[in-house]
Structures are given as structure tokens and as C-alpha cells.
Amino acid sequence: MKSIVVFCGSSEGTNSEYVEQGYVLGKTLAKHAITLVYGGAKIGVMGAVAKGALDASGKVIGVIPDFLKIREVFHSQLTELIITQNMHERKLKMHELSDGIIMLPGGYGTLEEFFEMLTWGQLGLHQFPIGVLNTDGFYDELLVMLRKMVTQGFVKQENYDMILVDDSVGGLLQQMENYKPLPTPKWIKKEQL
């Protein structure tokens, strides 16, 4: 993997571990010469991930829609800051710039971005490894719900298994490096990927 998009909160949350692990992730990506692609904010878990990467001399690309520049207090010291017109353009640009996906603790926006990328993977529109850094069990209940979707016949087991979960940065990155993607569905043409 040469670049990973990280979805996470622009808030810090109530557990200091979220920010600390965000920082560790950013620093670890930089040490492995993996470019960080993220939402462009200098606050919250987002800001911690960027700071970790920048402190370790990593390459950091922020992608933020124009209307969020002020609200999310954009980071002015990134390697590159890309301003998009809307949220849809933002996600597409993040997808184009990355070859791996990681979700850290966050809110509605984090989940929405993650699930869109997960859906694209399920449809065969990309074959990126998709990771969840489950810091202090933050996503335990979500994972239970996703397993229920499998047992109730709404999600195939192989699509659930696309989600790589670990509570440590090193463990998650190792799983992502070892990831073997599902074969591309026959109804998807190469030019659509």
C-alpha cells in the first residue's frame, strides 16, 4: 500500500485513547512511507492522525469540501490540501488517492464515508483492504450488528470478512498487507474499476 485514506472524527471523543491511537496511526504510516489521505481538519482525531504523520515527516493529503473549511478548521501545514465542491466529490477524490481504507472512532460522517467505501468494495469497484481500528472496543456493537446482517441474510459472509478489525495499529496494518481481495464479479468490466 502506498496511500491509505483514514476516516475518523473531527471531535476528540470522551476517551483519550482515540486521539492517542490516531496519532500512533499517523506516525506509523509515515514511518512505512505510506501517504495519509484524510479529511483535512487540524482538530479532533483527524488532527491527531495528521500530526502523527507530519511529526514523522510523512506525506499528508487533506481533502475537504469548501463549506467545511471553516467549520472543521482546516489544517494549513499539510503536504497538500485539496478543496472539493461537495461531500460526494470529496469521497471520490479520497478514493482516487488511496489504495487502502481505515476507520477510526468518529460519528455519522465517519460511518457514512466508511460504509460507502465498503459498499464499493462489495460491488467490486475497488479491491482495497478495508480496516477498522477498534480502539478500546469502540466499534464492538457495530460489528455485532454487521454479524446480525449476515445471519439474517442481508450480507454475505465473504463481504463481512472484507472488514479487517484490530485494536492495535501494527496488527491492523499487518492484516491489511496480507489481505487477499475477493475476485471481481463477472458483471463488472475492467474499465469500471
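The values are calculated or read from the model by the stated rules, or taken from the named source; none is laboratory data. Just so you know, these numbers come straight off a predicted model, no measurement behind them. Using ideal geometry, Cβ is built from the backbone for each residue, glycine included, and neighbour counts are taken over all protein chains shown. These area figures cover heavy atoms from the full protein model, side chains too; ligands, DNA and RNA do not enter into them. Shrake-Rupley method; radii C 1.70, N 1.55, O 1.52, S 1.80 Å.
Before moving on, here are some points about what is shown:
- Each Lys and Arg adds +1 at its Cβ and each Asp and Glu adds -1 at its Cβ; summed about the Cα centre, the stretch 29-118 shows a dipole of about 280 debye.
- Debye log10 I(q)/I(0) for the chain, one point scatterer per Cα, at q = 0.08, 0.09, 0.15 Å⁻¹: -0.24, -0.30, -0.86
- Residue order by solvent-accessible surface for Tyr108, Tyr179, Tyr38 is Tyr108, Tyr179, Tyr38, largest first, with ligands and nucleic acids left out and a 1.4 Å probe.
- Span-like helix ranges in the chain, DSSP H, alpha carbon extent 20 angstrom or more, Kyte mean at least -0.5: 16-31, 108-122
- With all protein chains modelled, accessible area of Phe67 [1.4 Å, Å²]: 130
- Each of the peptides 120-126, 2-8 was scored by the mean count of other Cβ atoms within 10 Å over its residues; in descending order, highest first, they stand as 2-8, 120-126.
- The chain - charge dipole about Cα centre, Lys and Arg +1 at Cβ, Asp and Glu -1, debye rounded to 20: 540
- Global geometry of the stretch 80-156, whether rounded, prolate or oblate, following the gyration tensor of its Cα atoms and the 1.5 cut on a/c: prolate
- Annotation: peptides 150-158, 40-48, ranked by per-residue average of other Cβ atoms within 10 Å with the highest first, follow the order 40-48, 150-158.
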